[in-house]
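Student: The structure under discussion is supplied below as structure tokens; questions concerning it will follow.
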Amino acid sequence: MILNKGQATALLREHVTDTYQRLHAQMVATAMEGYAGIYNEDKDLWYVTGLLHDIDFQEYPDQHPGPSLGWFADWGYSDDLIHAVEAHAYGYNGFDTLPETKLASALMAIDELCGIFYAYQKLNPIPYGEMKAKSIKKRLNESKFAPKIERESIYRGVEHLGVTLDEHIDNMITFLARLDQIMEKKWQLPPIEKAYEAMTAVVSDRVELVSPTEAKVWSSTRSKYYEVSYDTENHLIMSNDNSAYWKVELGYPAIAYLIAAGHISVETKVMKPIANVPWKKINKQYKNSYTIATAKVLDDLDPAEREFLIEAAEMVTAKVKELDLGLLGKRKFPPKGN
Ligand SMILES: [Fe+2]
Ligand SMILES: [Fe+2]
């Protein structure tokens with residue numbers, strides 16, 4: 001049975017590309033995990049149920065959640081999860097199954113309320129954990145506020161779950177405070193030139209995997225190394241290089257780790273032509289105009305090699321964007337030396 005959070009995250013990313021839908025999935029999953037804690041239930045099952053409850057919505061809005069019920073069975077998920085996903089759609093696309101379990105009731109109570117929290121944050125950009133229950137309740141009672149949100153579904157869910165609306169809103173604020181931490185910061189995307197630098201580091205054996213989620217990435221002079229760590233499940237990464245520290249921009253060491261650890265796959269032979277390119281020196285030579293420095297390096301290559309390499313750099317950049325990486329903990333001061 002697949003109940004792994006990492007695998008569920010991969011499935012979500014495969015079927016849902018919409019940024020809001022991904023965020024909604026994460027909000028619901030985080031709140032579900034919170035309730036699993038209160039009721040002493042299986043946290044992973046509850047999280048995964050929340051994460052995947054709308055997995056077919058983007059592809060099949062008119063049949064949702066019908067197609068996904070079949071997928072879950074194929075993927076080996078439990079009947080419990082399938083029932084919960086079916087019941088959250090009560091009154092929608094012809095579905096009329098009411099929640100019969102705590103898992104299903106919690107999903108129903110949480111789902112639409114996450115929409116209220118989200119809309120409230122658009123209006124009043126404070127962290128979820130700092131929201132006041134009173135303000136949320138007020139908005140919930142205003143039918144003109146986020147009018148598409150089905151209030152009935154929230155009330156029905158709360159009733160089935162056996163909590164009052166006030167308790168539920170208080171719980172949601174506590175649960176979503178955890179999401180604040182996760183969502184607090186996202187990395188700025190690096191320019192494509194960083195992908196070349198990263199590939200050079202990988203193919204010059206400067207990435208030393210300490211564990212599947214940690215690496216030392218040696219500088220081109222090999223006089224110091226940057227430390228990279230990765231949270232595979234939540235797509236959070238940290239590296240103590242200069243771009244990361246000073247610009248909150250993903251630097252080459254993090255990208256090099258992602259390639260070396262197989263999160264982004266690039267063929268070694270494609271990277272070979274830029275092995276041991278002294279990027280730092282060349283960048284300096286061109287007054288840190290990375291675009292010119294990179295063009296200069298690429299100019300010297302065989303045209304076929306160059307083409308594959310450009311293609312790879314574009315793919316790496318797109319993939320980094322797709323991973324939608326957040327900061328893993330606090331930024332760390334870069335090491336001294338060259
Ligand atoms: Fe849904
Ligand atoms: Fe939903």
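Only the coordinates and a few stated rules stand behind these numbers; no lab work does. Just so you know, these numbers come straight off a predicted model, no measurement behind them. Every residue, glycine among them, receives a Cβ derived from its backbone with ideal geometry; neighbour counts consider all protein chains shown.
Student: Can you pull out the trypsin sites (Lys or Arg not before Pro) in the stretch 163-241 whose DSSP state is coil and whose Cβ has at most 11 other Cβ atoms within 10 Å? Numbers along the way, then the final one.
Tutor: Working: sites: Arg178, Lys185, Lys186, Lys194, Arg206, Lys216, Arg222, Lys224; in loops: Lys185, Arg206, Arg222, Lys224.
Passing both the DSSP loop test and the Cβ count: Arg222.
Student: Something else about it: With springs only between Cα atoms under 10 Å, which of Asp241, Asp74, Asp56 fluctuates most in a Gaussian network model of the chain?
Tutor: Between Asp241, Asp74, Asp56, it is Asp74 that shows the largest mean-square fluctuation.
Student: For the chain, what are the DSSP H helices with axial Cα length of 24 Å or more and mean Kyte-Doolittle hydropathy of at least -1.0?
Tutor: On the way: long enough: 19-39 (30 Å, -0.04); 102-123 (32 Å, 0.75); 165-183 (26 Å, 0.21); 303-323 (30 Å, 0.01).
Both cut-offs are met by 19-39, 102-123, 165-183, 303-323.
Student: Then there's this: What would the Debye formula give as log10 I(q)/I(0) at q = 0.21 Å⁻¹ for the alpha-carbon point model of the stretch 193-327, no solvent?
Tutor: Those come out to -1.35, one per q.
Student: Now, a different point. Tell me, what is the FRET efficiency for Ala119 and Asp302 to the nearest 0.05, using R0 = 56 angstrom and their Cβ-Cβ distance as r? Mind dumping the intermediate values first?
Tutor: Working: r = 55 Å, r/R0 = 0.98.
Here the calculated transfer efficiency is 0.55.
Student: Another question about this same structure. What's the center-to-center distance, using Cα atoms, between the stretch 92-141 and the stretch 14-60 in Å?
Tutor: The stretch 92-141 and the stretch 14-60 have Cα centres spaced 13 Å from each other.
Student: What's the whole-number percent of alpha carbon pairs in the stretch 5-183 lying beyond 31 angstrom? Before the final figure, lay out the partial values.
Tutor: On the way: 1288 of 15931 pairs.
For the stretch 5-183, the share of Cα pairs beyond 31 Å comes to 8 percent.
Student: In what order do Val85, Val207 fall by count of nearby beta-carbon atoms within 10 Å, going from fewest to most?
Tutor: Working: Val85 27, Val207 23.
Sorted ascending by nearby Cβ count, the order is Val207, Val85.
Student: Do you know the relative contact order of the chain, to the nearest whole percent, from alpha carbon pairs under 8 angstrom that are 6+ apart?
Tutor: Contact order relative to length: 14 percent.
Student: Quick one: which of Lys43/Lys185; Lys194/Lys247; Lys216/Lys336; Lys134/Lys330; Lys43/Lys332 span more than 22 angstrom between C-alpha atoms?
Tutor: Details: Lys43/Lys185 25 Å; Lys194/Lys247 14 Å; Lys216/Lys336 15 Å; Lys134/Lys330 32 Å; Lys43/Lys332 31 Å.
From Lys43/Lys185; Lys194/Lys247; Lys216/Lys336; Lys134/Lys330; Lys43/Lys332, over 22 Å: Lys43/Lys185; Lys134/Lys330; Lys43/Lys332.
Student: Give the average over all directions of the projected area of the C-alpha convex hull of the chain, one decimal, in nm².
Tutor: Working: hull surface 77.3 nm².
That works out to 19.3 nm², a quarter of the Cα hull's surface.
Student: If you don't mind, another one. By counting other Cβ atoms within 10 Å of each Cβ, how are Ser105, Ser223 ranked from fewest to most?
Tutor: Numbers: Ser105 24, Ser223 11.
Arranged by neighbour count, lowest to highest, Ser105, Ser223 become Ser223, Ser105.
Student: A further question on this structure: I need the trypsin sites (Lys or Arg not before Pro) found in the stretch 245-338, filtered to DSSP loop residues with at most 12 other beta carbons within 10 Å of theirs. Intermediate values should be presented prior to the final figure.
Tutor: Values: sites: Lys247, Lys269, Lys280, Lys281, Lys284, Lys287, Lys296, Arg306, Lys319, Lys321, Lys330, Arg331, Lys332, Lys336; in loops: Lys287, Lys330, Arg331, Lys332, Lys336.
Listed in order of number, the matching sites are Lys287, Lys330, Lys336.
Student: Can you put Val163, Val28 in order, fewest other beta carbons within 10 Å first?
Tutor: Details: Val163 19, Val28 26.
Going from sparsest to densest Cβ surroundings: Val163, Val28.
Student: What is the distance in Å between the Cα centroid of the stretch 253-276 and that of the stretch 277-338?
Tutor: Centre-to-centre (Cα) distance: 11 Å.
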